[in-house]
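The values are calculated or read from the model by the stated rules, or taken from the named source; none is laboratory data. Just so it is clear, the structure is predicted and the values come from calculations on it, not from any experiment. Here the Cβ positions follow ideal geometry from the backbone for every residue, glycine too, while neighbour counts run over all protein chains shown. With ligands, DNA and RNA removed, areas are computed over all heavy atoms of the protein, side chains included. Shrake-Rupley method; radii C 1.70, N 1.55, O 1.52, S 1.80 Å.
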Amino acid sequence: MSSITEDVSIENLSSLQTLPDSFTWKHTAADSVLPPSSAAVKESIPIINLSDPDVTTLLGNACKTWGAFQIANHGVPQKLLDDIESLSKTFFDMPSERKLEAASSDKGASGYGEPRISTFFEKKMWSEGMTIADGSYRNQFLKIWPRDYTKYCRLVEEYKGEMEKLASRLLSSILGSLGVTVDDIEWAHKAKNSGSKMGSSVIRLNHYPVCPEPERAMGLAAHTDTCLLTILHQSNMGGLQVFKKESGWVTVEPIPGVLVVNIGDLFHILSNGKFHSVVHRAIVNQTRSRISVAYLWGGPAGDVEISPISKIAGPVGPCLYRPVTWSEYLRIKFEVFDKALDAIRVVNPTN
Ligand code: OGA
Ligand code: NI
């Protein structure tokens, strides 16, 4: 057994020639559900042109069948996508000591480190990430980029602004497919009326270095996002996969300028399970490193109670999820992880 194993940490992955034991994954139950190899047509998540006159229906269908889709004509300038990708590259290319200066004090807080979900897995993931949470990221930027601090903060703020605009637009349109509006979500309605934000947001920069044995490694293990929805920009190297019951793991091939959107747990609850909080993961490869920029959008204040939108659940059938405060849901998620939605599911639903 090689002894390089246990002290390997994520900031040095790019230099490794062999896969350390702590990064070697055994196949999980979900991994064995592979798409039939005889399948002639490669499945893919829908690609939706946001200028399509039927956009609401298309989005609604994609959320119901997949919980994920790609969007073209989204209005986010290509330059901004390129700039945030090069900010990420600049960061991950820095020497380990510099990256560690931005280490997060706590999983989930702003800063550099392992994915938050790493605590749920025995094996380590072949990736490194930088979390940019509202407000608190500036201290880290100042430490690592004393000269370019202002420029990079401005870029992050611009990116957040564009993403927020796009996320709100998607939310309205997707809700429209169920015949409801943002005003039917009590806390969102209040936020809108008081001119405040719909919710918190986090940007997560992910880097998946080239991997010596990709088939035995895992870039980011299977999970669902906890938020309302996620908008992901991926560099032109594939790796993201979404899970569909009938098909297994389906790769989301990158298309230049096209963004990936996926539904999170909160939207799943609000829609009373009509939309799927899609299980997804990132795999790695042996030829090229990969960058992705995830914008995780929407979560109300901790004391806000969340439950299925009554106009959706009430008139047509039973309410599938019991009301919980947002902080309670987050606590449950970080206790039972992939069982969180089940944990708040009503056993014998009645109206
Ligand atoms: C995430 C995520 C996928 C990717 O950051 O939550 O799912 O392709 N990322 O990096
Ligand atoms: Ni995710």
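State which residue is farthest from Y329 (Cα to Cα) when the search covers only region 260-296 and only residues that are touching a Cys at 6+ places or on another chain (Cβ under 7 Å) and open to solvent by less than 10 Å² (accessible area, probe 1.4 Å). Selected residue: F275. Of all the residues in region 146-192, those that are open to solvent by 20 Å² or more (accessible area, probe 1.4 Å) and in a loop (DSSP other than H, G, I, E, B) number 7. Listed by position, the helices (runs of 4 or more DSSP H) enclosed by region 1-106 that each have at least 2 residues that are over 28 Å from T131 (Cα atoms) and at pLDDT below 95 are 29-32.
If the condition is being away from ligand 2 (no atom under 14 Å from the Cβ), closer than 23 Å to C211 by Cβ and in a loop (DSSP other than H, G, I, E, B), then region 232-263 contributes S235, N236, M237, G238, E253, P254. Restricting the first member to region 272-296 and to residues that are more than 21 Å from P256 (Cβ to Cβ), and the second to residues that are within 16 Å of ligand 2 (Cβ to nearest atom) and open to solvent by 40 Å² or more (accessible area, probe 1.4 Å), the beta-carbon pairs closer than 6 Å and six or more apart or on different chains are V279/F243; L296/V202. Screening region 297-324 for residues that are among the β-branched types (V, I, T), closer than 23 Å to S168 by Cβ and not in a helix (DSSP H, G or I) and picking the one that is most open to solvent (accessible area, probe 1.4 Å) gives V304.
Against the test of being closer than 29 Å to T18 by Cα and of a type in the set (S, T, Y), the options Y208, Y159, Y152 yield a single qualifying residue, Y208. Please specify each residue of region 100-114 satisfying the condition of being open to solvent by 10 Å² or more (accessible area, probe 1.4 Å) and polar (S, T, N, Q). Scanning region 100-114 gives S104, S105.
Regarding K143, is this residue farther than 29 Å from I71 by Cβ and not in a helix (DSSP H, G or I)? Answer is no for this residue.
The residues of region 203-228 that are of a type in the set (D, E, K, R) and at pLDDT 95 or above, listed by number, are R204, D225. Please specify each residue of region 115-140 satisfying the condition of being part of a strand (DSSP E or B) and surrounded by fewer than 22 Cβ atoms within 10 Å (Cβ to Cβ). Hit for region 115-140 is A133, nothing else. If you filter region 288-326 down to residues that are of a type in the set (S, T, Y) and within 16 Å of ligand 2 (Cβ to nearest atom), you find that the one that is nearest to T224 (Cα to Cα) is Y295. Taking region 48-74 as the range and being open to solvent by less than 20 Å² (accessible area, probe 1.4 Å), closer than 16 Å to V250 by Cβ and touching a residue at least 40 places away in the same chain (Cβ under 8 Å) as the test, the residues that pass are C63, G67, A68, F69, Q70.
Number of residues in region 210-227 that are away from ligand 2 (no atom under 16 Å from the Cβ) and surrounded by fewer than 22 Cβ atoms within 10 Å (Cβ to Cβ): the value is 6. Taking the criterion of being surrounded by fewer than 21 Cβ atoms within 10 Å (Cβ to Cβ), away from ligand 1 (no atom under 13 Å from the Cβ) and closer than 27 Å to L330 by Cα, the residues of region 228-259 that qualify are K244, K245. Checked against (1) away from ligand 1 (no atom under 12 Å from the Cβ); (2) at pLDDT 95 or above; (3) closer than 21 Å to K42 by Cβ, V279 passes all but condition (1).
Only a single item in (1) in contact (Cβ under 8 Å) with a residue 24 or more places away in the chain; (2) polar (S, T, N, Q); (3) under 18 Å from S289 (Cβ atoms) is not met by N236, and it is number (1).
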